[in-house]
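Heads up: the structure comes next, in structure tokens.
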Ligand SMILES: Nc1nc2c(ncn2[C@@H]2O[C@H](COP(=O)(O)OP(=O)(O)O)[C@@H](O)[C@H]2O)c(=O)[nH]1
Ligand SMILES: [Mg+2]
């Protein structure tokens, strides 16, 4: 697959420069009150447990283990904050939703944390909603999109694990996902197809994020 060109006006170099900075882990927050001050633009990565959020953040910043990745779903239970010293941007890795095996009260706690963050953070510029490229959007992905639409928080869907799909299957999932976002008011009309393993789509994603800083 060649790098996708969903938007030829995207500035790939601006994206490369933004993420050439060394991002570091700042802290994990279990409460909204623990978040750093809202002094710079934030982007958040949301999605079901195991969809590939931490892997995508690692691939985005070009590091192998910045955000902890795991084969065990539900390990990321905090809002994990990443910053680079001189970057006008903060990255937030969110707890995964839809992890049924966790204790009920834990799930309720994370759901509340995710909801409060997604709908009440003033400097949250865009949410990247990660959807597993093998499955397309599931009910809880649509629930999160509903919340974001209601709160008028800008979001863009990112398909993950594209390396696991053959062309025709990928086309089907892309079409289904596009149909699911078509009439959503806060959704970016384009989706980004990615693989953290092959790094497919990373240039596009970096450029999309860099563009947020200019608009
Ligand atoms: N084949 C493939 N596997 C991936 C990709 N991204 C993540 N994974 C795997 O999916 C699992 C969950 O990834 P992780 O980033 O921890 O997901 P998170 O729970 O959403 O943070 C791990 O076993 C990863 O190695 C990808 O692009 N391709
Ligand atoms: Mg994770």
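How do the peptides 102-112, 153-163 rank, highest first, by the average count of neighbouring beta carbon atoms within 10 Å per residue?
Top of the packing list down: 153-163, 102-112.
Place the peptides 49-57, 170-178 in order of packing, highest mean first, counting for every residue the other Cβ atoms within 10 Å and averaging per peptide.
The densest-packed peptide leads the list: 49-57, 170-178.
Compactness ratio of the range 12-212: Cα Rg over 2.2 N^0.38 Å, N = residue count?
Compactness ratio reported: 0.95.
When 19, 45 are ordered from fewest to most other Cβ atoms inside 10 Å of their Cβ, what list results?
45, 19
At a 10 angstrom cut-off on C-beta neighbours, averaged per residue, how do the peptides 77-85, 34-42, 191-199, 118-126 rank from highest to lowest?
Result, highest mean Cβ count within 10 Å first: 191-199, 77-85, 118-126, 34-42.
Any read-out appearing in this document is the output of simple, stated calculations on the displayed coordinates, not a laboratory observation. Just so it is clear, the model here is predicted, and its values are computed rather than measured. Here Cβ is always computed from backbone atoms with ideal geometry, including for glycine, and neighbour counts include all displayed protein chains.
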